[in-house]
Every structure is written in structure tokens, then in C-alpha cells.
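Remarks on the structure that follows.
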Amino acid sequence: MHPDWVRSLRDQCQAAGVPFFFKQWGEWAPGGAPVGTTMNWIHRIGLTYGTGEAIRYVPEDRSPETVSRVGKKQAGRLLDGREHNEFPEVAR
């Protein structure tokens with residue numbers, strides 16, 4: 001997924017006073033390609049291109065962003081340098 005989509009959800013939750021929990025990126029994480037991966041990008045608005053183990057998102061309404069296949073454990077759950085672990089309050 002494009003990292004801006006997650007950022008948008010986080011920002012919408014914050015604006016509405018709703019707790020935001022980001023579980024994980026999955027196999028793919030934002031950032032450049034792993035060492036040794038070759039990427040050749042073709043830039044066309046609204047499409048996704050990539051070779052090897054990386055993808056370049058170039059959606060019409062978002063900034064270009066590269067995500068790399070690094071595995072769930074390495075991808076982790078940081079969004080813009082921090083974990084988001086918010087939960088709603090438990091009713092008693």
C-alpha cells in the first residue's frame with residue numbers, strides 16, 4: 001500500500017479524536033530497495049511499475065513512493081519513525 005494512505009488514515013483519526021493503531025506493513029515497507037536489488041522505473045501517472053523486489057507507486061493524487069519487499073519482520077510497524085499503539089478506552 002502507498003504509505004500516504006496510512007498517513008491519511010492516521011491524520012483522519014487524529015482529527016476526529018479516534019485512536020489509531022497501525023499493526024504492520026506486511027512484506028513490503030517504504031524506502032529504497034534492499035542491497036543488491038536492481039530497479040528500473042518507468043514513470044507514468046496513475047500506474048505502478050517495478051522490477052525485482054521493489055515497486056514504485058506513482059498515483060495521480062499522491063507523491064511517488066518506493067516500497068521494497070523486505071519481509072514482515074524487517075518491515076516492522078513504524079510509520080514516520082514511530083509505532084502507533086492507540087486503543088479505545090474500555091468501558092466499565
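Numbers for the structure displayed
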{"quantity": "Neighbours by Cβ (under 8 Å, 6+ apart or cross-chain): first from the range 69-92, of a type in the set (F, W, Y); second in a loop (DSSP other than H, G, I, E, B) and at pLDDT 85 or above", "calculated": "F87/P19"}
{"quantity": "E27 vs. criteria of a type in the set (D, E, K, R), in contact with a Gly (Cβ under 8 Å, 6 or more places away or on another chain), surrounded by 12 or more Cβ atoms within 10 Å (Cβ to Cβ) and modelled with pLDDT of 70 or more", "calculated": "yes"}
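The values are calculated or read from the model by the stated rules, or taken from the named source; none is laboratory data. Given the structure is predicted, the values throughout are model-derived calculations rather than measurements. So basically every Cβ, Gly included, is an ideal-geometry build from the backbone, and we count neighbours across all protein chains shown.
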